[in-house]
Amino acid sequence: DAFSATPMRDLDRKAVRAWKDSLVARGLAPATVTKALRLLHMVCEQAVMDGDLPSNPCQGVKAPSLGSGKRARNALSDSSMDRLMAALAEAEPNAFVTAVQIAIRTGMRQGEICALRWRDVDLPGGRIHVAHAIGQAGGRFYVKAPKNEGSVRSISIPHDLRSALEARRDAVRGELAAGGVTEGKRGYEAAFGALYVVGDIDGRFYTPTILSRDWKALATALGIVDTQGRRATFHDLRHTFATVAIAAGED
């Protein structure tokens, strides 16, 4: 938008630098500004190759420091943890509550929780198999492999989480029964296994964006903050799990 009225031949380094600085001044994250600058650099580089520009005006324009706008990850404060656990104990086993239970008790990533299907949950064996995550591209969400090879893993189900997952399973089966889909019918188990643990009975998954929105509302309502007094993010639940695990003597 900044250059929509500027002929490419008139684009110079000063204009690019001023544009970059204006994005930073607007409060955009350093990573977002860097991505935009990189894209413009690629476009201008192609223009140079095509003979439409004598040189790349992005050359020499420094990207903002990625560390300057990064929020340090942190665990929940003790009092916030107490309020959260009390709220979870009284809540119905809906998709959102179950997602929070999984995050705080396993340390799974947000996208991994959203992509978790019932066939990945072995309640009798006490294991959760993490094999997928929800990604986003072009404004759309899709199922993909986890963040890296080490992210494909099997997680032990703690006792409290087992109870929460059993309650969620029973609630989903109740919803299916209300819609005329009952246990014992041919193909029921396979169809149930394909459903997302924190999704809908029509097969849709809970998107990370909506999960973040719902968490923000809960954190604001309950005053859930990290140890620095900042409102906790959903990802902070992963760090809280790690903090508690290390305090309990885990690697």
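Side notes on the structure shown:
- Distance from the alpha carbon centroid of the stretch 176-238 to that of the stretch 94-148 works out to 9 angstrom.
- In terms of packing, defined here as the mean over residues of other Cβ atoms within 10 angstrom, the peptides 106-113, 83-90 line up highest first as 106-113, 83-90.
- Convex hull volume per residue for the stretch 1-158, taking Cα atoms only, in Å³: 188
- Dimensions in Å of the stretch 98-251 - Rg and Dmax from alpha carbons: 16.2, 53
- In order along the stretch 215-231, phi translates into HN-Hα couplings of 5, 4, 5, 5, 4, 5, 5, 8, x, 7, 10, 8, 5, 9, x, 8, 4 Hz, rounded to whole numbers, per the Karplus curve 6.51 cos²θ - 1.76 cosθ + 1.60 with θ = phi - 60° and x for Gly and Pro.
- For the chain, the solvent-accessible area works out to 57 Å² per residue, with a probe of 1.4 Å and every protein chain left in place.
- Shown for the chain: the carbon plus sulfur share of the solvent-accessible area, taken with all protein chains present and a 1.4 angstrom probe, equals 53%.
- The listed peptides 184-194, 212-222, ordered by packing as a protection proxy, come out as 212-222, 184-194 (highest mean of other Cβ atoms within 10 Å first).
- Share of Cα-Cα pairs in the stretch 190-246 lying beyond 17 Å, as whole percent: 53
- The charge dipole of the chain, taken about its Cα centre with unit charges on the Cβ atoms of Lys, Arg (+1), Asp and Glu (-1) only, comes to about 600 debye.
- 19 Å Cα-Cα reach of Lys20 towards aspartates and glutamates, excluding residues that sit fewer than 8 places from it in its own chain: Asp1, Asp10, Asp12, Glu45
The values are calculated or read from the model by the stated rules, or taken from the named source; none is laboratory data. These numbers come from a predicted model, not from an experiment. Positions of Cβ are backbone-derived with ideal geometry, glycine not excepted, and every protein chain shown enters the neighbour counts. SASA here: full protein model, heavy atoms, side chains in, ligands and nucleic acids out. Shrake-Rupley method; radii C 1.70, N 1.55, O 1.52, S 1.80 Å.
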